[in-house]
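Enquirer: Would you mind keeping the following structure in view while I ask a few things?
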Amino acid sequence: MNKSEKFETNFLVDGQKVLEVLQQAYTNPEQYKVLTTNTQLNHRSLHPENLPQQGCEVSQVLEEAIQMIFSGYCNVSHPQYYGYISPKPLPVSIIGDLLASGLNQTPGAWRAGPAATAIEAETLSWLGQFIGYESNLEKVPNGIFTSGGAMANATALKLARDVVLGREWQAEGIFGIKHKPIVYLSVEGHFSIGKALDFLGFGRNCLRLIPVDETGRIALEALQVQIQKDIKHGYKPFCLIGTAGTSATGAVDSLDALARIATDYDMWFHVDAAAGGVFANLPETSKYFQGINLANSVTIDPCKWLFVPFGMGCLLTKQGSELVQSFQDGSHYWQELAELDLFQMGLPGTRQWRSLGLWMAFKHLGSDGYRQLLKNALQVALHLAESVLRFDCLELLQAPTLPVCCFRIKNYPGNLPLNEINKFIQKAITETGSHYPTLLDWRGKTYLRVSINNFSTNFDHVDSLIETVYSELFRLGKAA
Ligand SMILES: Cc1ncc(COP(=O)(O)O)c(C=O)c1O
């Protein structure tokens, strides 16, 4: 083998092997447990192996990688994996990712990917249409793709800062501060907001976490009282964040009421719809999202319920030009070249081209096909909730608004505290390898949280979850 051949690979052989692994993971997902953990991997992550000095064949490396992945594998393809909001990606989106990465196009700059830029801009427009969020489409796109929801939220906060507090912030930063700026979010809002405020130099104490009602929605009265208090102290309320789909239970704040409050106090209104936004325009759920169109900006995470691989978030805005004003670097003048350099609309320069997978998925399914997948996931969650209500020993937290259903064992003849029973059952079920609900601590009570992340999950799968809860409870009772 000559030197340059060593760096070549045969896509048709090594690539074929990868495709076979994916095909197996998709057609026979139950061959692996829902979660495989391994203490050796934990040790290795803390004590990495030495850097290899000599190379070896791609086929050999591939074997090792596959072996290692499946020894510590979170099986999102399994229809009974209910963890977090981690989807089984649509095969078409994986194919799109492979093509985009393989040809190494970037939508960051026109000259590094003209087609990538055009597809990125088109996908942003489709996403806005899909959720029913209208933007002023001027010379620039209606937002920017990010690496995830947290980066989209951070980008929104910078945008809010620049627009509401004044563009001098871009030059002076915290040295130009006149009044302490304040941001409002519910206690159920996402932790990425606090981190972003810290990251942007505002500090976490600028964040007011407002209590929620019994369904997990921000308490409007408490919010108004807090705003008044802050104004009295001479602070400057500048951004109000509504959560449309809390990570815990899928609760959606009253967005139209929040929009009115934001207008009354001259605040930027951002909606963190990372989890739930794609349900905003679905006939079954649109009633919860009234007012989303009034937001100045919206975070959406296509790598959740749009079933594309991780690493894809999005910030949609009413005015894309405001993003340009916030992120444009003075030394580049894309307007004069009449070419769209998307690095002028966000923090990253070069970045992975994720939107091809989503663009292909939109083309393949159409918005109707996508809506059908969302509706199925919702119906499975509602079916589970109905089943829970039929059992005396189970308690439903609340009727699902999104495809998340939380329930707990509410009575058990033994002496153990109920929270411990629920934790024990969740662990026992996960150890069977066939179901993976997570735990939720809600007002001191422990629940099993079931998120329907997989477009293949059906009624039988969640019926089987209830049966497994029962059989584990029975075993626990016998052992007691
Ligand atoms: C409501 C909400 N906002 C923001 C995020 C952060 O998104 P990411 O993990 O993609 O950065 C999440 C993640 O679950 C979320 O549920």
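The values are calculated or read from the model by the stated rules, or taken from the named source; none is laboratory data. Note that this is a predicted model, so its numbers are computed, not measured. Positions of Cβ are generated from backbone atoms using ideal geometry, with glycine treated the same way; all protein chains shown enter the neighbour counts.
Enquirer: Cβ contacts < 7 Å: first residue on the phi > 0 side of the Ramachandran plot and assigned by TED's automatic domain parsing to the domain that holds VAL18, restricted to segment 46-61; second residue modelled with pLDDT of 95 or more and among the aliphatic types (A, V, I, L, M), any location; separation 6+ or different chain. Result?
Expert: Every condition considered, no pair remains.
Enquirer: Please find, within segment 228-255, the residue that is nearest to the ligand (Cβ to nearest atom) out of those that are among the β-branched types (Val, Ile, Thr) and in a strand (DSSP E or B). Outline the logic, then answer.
Expert: Going residue by residue through segment 228-255, those that are among the β-branched types (Val, Ile, Thr) are 231, 241, 243, 246, 249, 252.
Next, from what is left, pick out any that are in a strand (DSSP E or B): 241, 243, 252.
Values: ILE241: 10, THR243: 6, VAL252: 10 Å.
Only one residue tops the list, namely THR243.
Enquirer: Anything in segment 371-410 that is over 17 Å from ASP460 (Cα atoms) and in contact with a Pro (Cβ under 7 Å, 6 or more places away or on another chain)? List them, or say none.
Expert: Within segment 371-410, no residue meets the criteria.
Enquirer: Taking the residues in segment 26-55 that are part of a helix (DSSP H, G or I) and in contact with a Lys or Arg (Cβ under 9 Å, 6 or more places away or on another chain) as candidates, determine which candidate is surrounded by the fewest Cβ atoms within 10 Å (Cβ to Cβ).
Expert: Going residue by residue through segment 26-55, those that are part of a helix (DSSP H, G or I) are 26-27, 29-31, 39-46.
Within this subset, residues satisfying the condition of being in contact with a Lys or Arg (Cβ under 9 Å, 6 or more places away or on another chain) are 26, 29.
Values: TYR26: 14, PRO29: 19.
So, considering only residues that are part of a helix (DSSP H, G or I) and in contact with a Lys or Arg (Cβ under 9 Å, 6 or more places away or on another chain), the one surrounded by the fewest Cβ atoms within 10 Å (Cβ to Cβ) is TYR26.
Enquirer: Among (1) within 14 Å of the ligand (Cβ to nearest atom); (2) in a loop (DSSP other than H, G, I, E, B), which single condition is GLY201 missing?
Expert: Against the list (1) within 14 Å of the ligand (Cβ to nearest atom); (2) in a loop (DSSP other than H, G, I, E, B), GLY201 comes up short only on (1).
Enquirer: Moving on to the next point. Name, by its number, the condition in (1) in contact with a helix residue (DSSP H, G or I) (Cβ under 8 Å, 6 or more places away or on another chain); (2) at pLDDT 95 or above; (3) surrounded by 21 or more Cβ atoms within 10 Å (Cβ to Cβ) that does not hold for ALA156.
Expert: Just one mismatch for ALA156, condition (1).
Enquirer: Let me ask another. What strands (runs of 3 or more DSSP E) lie completely within segment 370-480 and have 1 or more residues being buried (at least 22 other Cβ atoms within 10 Å of the Cβ) and among the acidic types (Asp, Glu)? Let's see the steps before the verdict.
Expert: On the way: elements: 394-396, 404-409, 438-442, 445-451.
Counting at least 1 such residues, we get no strands (runs of 3 or more DSSP E) at all.
Enquirer: Just one of LYS158, LYS139 is more than 14 Å from the ligand (Cβ to nearest atom) and outside any loop (DSSP other than H, G, I, E, B); which is it? Walk me through it before giving the result.
Expert: Details: LYS139 fails: outside any loop (DSSP other than H, G, I, E, B).
Among LYS158, LYS139, only LYS158 is more than 14 Å from the ligand (Cβ to nearest atom) and outside any loop (DSSP other than H, G, I, E, B).
Listed here are the residues, each with its yes/no results for (1) within 26 Å of ILE452 (Cβ to Cβ); (2) within 14 Å of the ligand (Cβ to nearest atom); (3) not basic (Lys, Arg).
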site	(1), (2), (3)
ASP264	no, no, yes
TRP268	no, no, yes
PRO283	yes, no, yes
VAL298	yes, yes, yes
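Enquirer: Sticking with this one: What's the number of the only condition in (1) within 15 Å of the ligand (Cβ to nearest atom); (2) aliphatic (A, V, I, L, M); (3) in contact with a strand residue (DSSP E or B) (Cβ under 7 Å, 6 or more places away or on another chain); (4) assigned to a helix (DSSP H, G or I) that LEU209 fails to meet?
Expert: Of everything listed in (1) within 15 Å of the ligand (Cβ to nearest atom); (2) aliphatic (A, V, I, L, M); (3) in contact with a strand residue (DSSP E or B) (Cβ under 7 Å, 6 or more places away or on another chain); (4) assigned to a helix (DSSP H, G or I), LEU209 misses just condition (4).
Enquirer: Could you figure out which of (1) at positive phi; (2) in contact with a strand residue (DSSP E or B) (Cβ under 8 Å, 6 or more places away or on another chain); (3) more than 16 Å from the ligand (Cβ to nearest atom) isn't true of GLY132?
Expert: In the conditions (1) at positive phi; (2) in contact with a strand residue (DSSP E or B) (Cβ under 8 Å, 6 or more places away or on another chain); (3) more than 16 Å from the ligand (Cβ to nearest atom), GLY132 misses (2) alone.
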